[in-house]
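Just so it is clear, none of the values below were taken in a lab; they were calculated from the coordinates. This is a predicted model, so every value here is computed, not measured. Here the Cβ is made from the backbone with ideal geometry for all residues, glycine too, and neighbour counts use every protein chain on show.
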Amino acid sequence: MNTNFTSIMNEKHEIMKQSLGLDYSQFEQGEIGFDYEKMMASSPYSFEEVQMIQQQQKIGDTPLVELKNFTKIIREHAEPGYGARIFVKDEACNPSGSYKDRRASLAVHHAKVNGYKGVICATSGNYGAAVASQAAMQGLHAIILQEVFDSKLIGQPEILEKSRACMSYGAEVIQLTVGPELFYTLLAQLKETGYFNASLYSPLSVAGVETLGYEIASECKEKLGRFPDAVIATNAGGGNLTGTARGLLRAGANQTKVIAASVDLKGLHMASDQAFNRKSFTTGHTGFGIPFATNPDRVDVPRNSARPLRYMDRYVLVTQGEVFYVTEALAQIEGLERGPAGNISLTAAFSLAKEMPSNQILVVQETEYTGAGKHPTAQLTFAKENGIEIKRGHPSENVPGEKIVIPRFVNEISCKDIDLNQLRKSYLKNKLKDISIDELTGDDKKYFCEETKWSIDQLEEELHVLSSNRV
Amino acid sequence: MENQASKNDWVTIELTLLLPNERSKNIPEDTSKHPYRAFIQGFLKEEVARIGDEVTVTTLIQREHQGHLLTISPAFIHGFGQPIPELLPIGNELRNLLSDKSGESNEY
Ligand SMILES: Cc1ncc(COP(=O)(O)O)c(C=O)c1O
């Protein structure tokens, strides 16, 4: 499997085309834009077919449960008349224990229907287990590439658990040391095997999540008589939020606010060998959430289907310590022991529900499974072993990679807003790196307005600021 | 013998995919000074082999890979860790908050 780095990278486009069975050039429009909706419509499966495929694959229709004790405690600390009802979609009930089964379902189905012998994906998270589980159901081979170890061969317990889970479904797991060359390894494996690229960022992957948003909207409408007022999604690569938001819209819930939540890991470099084991979350954090939102196309496919900036109305951050606290609370007073990564959005809900009137509905769109390695005790023990200080105190004392502060009081949990316009500006800057502003066509500008939710006037103003900064 | 494996034993092999000078250019120095390595588990093909030997394994999907024998019967070493004193009191703290409210209505 040892192949020359440069030669493989040069074959990138051809390998992608073969392994996805999709030519992305048909979606290009203008100098840098592309037709997003046309790309999403390229999935050969209608929404009803997606629902059927997922039902056959034992996915979805997970319970939407109310967290009444959480709401009671929140109302204690809210202004009179405030404190929305909190519901959580218990996605841990999916076959491999997370919403990622929805994402894997279509890719694996599609690979099978099109005669591929196996599927490959590069992921250290829940998605690997989801692909492996779906492949097991469909009788296909799965190869999962994971970034697991630092140079001393130490791995995060959460990722070691993911390796084990993939093997338990019969997948071949290739564990790798820290580095962005994961992508090179993916290309080399795709080329060598001719397997299907079950990318997290293909249209199939995001289409698979639409059922989640759709189920939330329809169930709220049916049982509670209204669509949710807000839905919170944990945000990393952005497919979770994108698919959920599209599903809400499909169900007609176009007034529902879509809120992104990530764990704040500011200051930890994602490709750094030394920083690798100083994080206590391996997904749902700003190290993915922000670069993916502001530069979505730097992924393993030519165009990313996960475009969270198009859908989010708000983006909030929580600390690692707050998420561990809320994970503990969920087990202790709601009787649901679930994994920390799935509880990032729940932590934000704890803070956001206080701002919402008590007749409103706030939905946390997922949970994930817990187990050895993926558990507050496992992750905090590992943090201590890596020299991270754990203590109780005010969340503002958290320092990613140095200190994890577990709140002393429940009302100390408080999420922080990111300025979405700032994100949109960095997005624009990233997109305009290799092109002069004069070269932009009308299609490009229309595309930017869709990507940023800016009006054309607002966009022109931002372009003006950018071009005057350039000279 | 602990450092000797026999045919069909479940083992881990180590492969060096890229030497430091072959790695991607845009990575931090603390990463790029190390080789890029892979670890794969499978059934040993050779009759016998010792730790460090160049060997072939057959993986769970019947693919073959070559590398250096690293471990024999590799264990799953992750677990639930230690009890965390900073988390243990949280349950009771919250239950106390709830029971202060026990006289109140549960209506929504
Ligand atoms: C349980 C869970 N929730 C949320 C996410 C975030 O999803 P996305 O990467 O699509 O933003 C992930 C994966 O990264 C996950 O495993």
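Within region A:369-393, restricting attention to residues that are out of contact with any Asp or Glu (no Cβ under 7 Å at 6 or more places or on another chain) and either within 21 Å of A:K416 (Cβ to Cβ) or among the acidic types (D, E) (or both), which residue is surrounded by the fewest Cβ atoms within 10 Å (Cβ to Cβ)?
Quick first cut of region A:369-393, residues out of contact with any Asp or Glu (no Cβ under 7 Å at 6 or more places or on another chain) only: A:369, A:375, A:377-378, A:380-387, A:393.
Now drop any that are not either within 21 Å of A:K416 (Cβ to Cβ) or among the acidic types (D, E) (or both), which leaves A:385, A:393.
Values: A:E385: 13, A:G393: 16.
Looking at the filtered set, the residue picked out is A:E385.
Given the conditions (1) within 11 Å of chain B (Cβ to nearest Cβ); (2) within 14 Å of the ligand (Cβ to nearest atom), and given that A:V131 satisfies all but one, which numbered condition is not satisfied?
(1)
What tally of residues in region A:411-469 results from selecting those that are in contact with a Phe, Trp or Tyr (Cβ under 8 Å, 6 or more places away or on another chain) and without any contact (Cβ under 8 Å) to a residue 60 or more places away in the chain?
Qualifying residue count, region A:411-469: 4.
How many residues, within region B:16-55, are crowded, with 16+ Cβ neighbours inside 10 Å, more than 12 Å from chain A (Cβ to nearest Cβ) and closer than 28 Å to A:S7 by Cα?
1
Checking A:A136 against (1) away from the ligand (no atom under 16 Å from the Cβ); (2) touching a residue at least 40 places away in the same chain (Cβ under 8 Å), only one condition comes out false. Which one?
Result: A:A136 passes all but (2).
Give region A:19-30 a look and list any residue that's over 26 Å from the mean Cα position of the chain (by Cα) and surrounded by 14 or more Cβ atoms within 10 Å (Cβ to Cβ), or say none.
Keep residues of region A:19-30 that are over 26 Å from the mean Cα position of the chain (by Cα), which gives A:26, A:29-30.
Once the filter is applied, which keeps residues that are over 26 Å from the mean Cα position of the chain (by Cα) and surrounded by 14 or more Cβ atoms within 10 Å (Cβ to Cβ), region A:19-30 yields A:Q29, A:G30.
Does region A:416-426 contain at least one residue that is β-branched (V, I, T) and outside any helix (DSSP H, G or I)?
Going through region A:416-426, the residues β-branched (V, I, T) turn out to be A:418.
Narrowing the set further to residues that are outside any helix (DSSP H, G or I) leaves A:418.
Yes, region A:416-426 contains a residue that is β-branched (V, I, T) and outside any helix (DSSP H, G or I).
A:P80 is checked against (1) without any contact (Cβ under 8 Å) to a residue 60 or more places away in the chain; (2) within 13 Å of another protein chain (Cβ to nearest Cβ); (3) surrounded by fewer than 19 Cβ atoms within 10 Å (Cβ to Cβ); (4) of a type outside the set (K, R) and fails just one. What number does that condition carry?
Against the list (1) without any contact (Cβ under 8 Å) to a residue 60 or more places away in the chain; (2) within 13 Å of another protein chain (Cβ to nearest Cβ); (3) surrounded by fewer than 19 Cβ atoms within 10 Å (Cβ to Cβ); (4) of a type outside the set (K, R), A:P80 comes up short only on (2).
Among the residues of region A:171-207, which ones are over 26 Å from A:P308 (Cβ atoms) and among the polar types (S, T, N, Q)?
A:Q175, A:T177, A:T185, A:Q189, A:T193
Quick check on region A:363-373: of everything there that is under 20 Å from B:G79 (Cα atoms) and not aromatic (F, W, Y), which residue is farthest from the ligand (Cβ to nearest atom)? It would help to see each step written out before you state the result.
Step one: filter region A:363-373 for residues under 20 Å from B:G79 (Cα atoms), giving A:368-373.
Still in the running and not aromatic (F, W, Y): A:368, A:370-373.
Details: A:E368: 4, A:T370: 11, A:G371: 13, A:A372: 17, A:G373: 14 Å.
This residue is A:A372.
Which of the residues spanning region A:303-362 are within 12 Å of the ligand (Cβ to nearest atom), within 30 Å of A:R424 (Cα to Cα) and part of a loop (DSSP other than H, G, I, E, B)?
Scanning region A:303-362 gives A:N304, A:S305, A:A306, A:R307, A:Y311, A:M312, A:P340.
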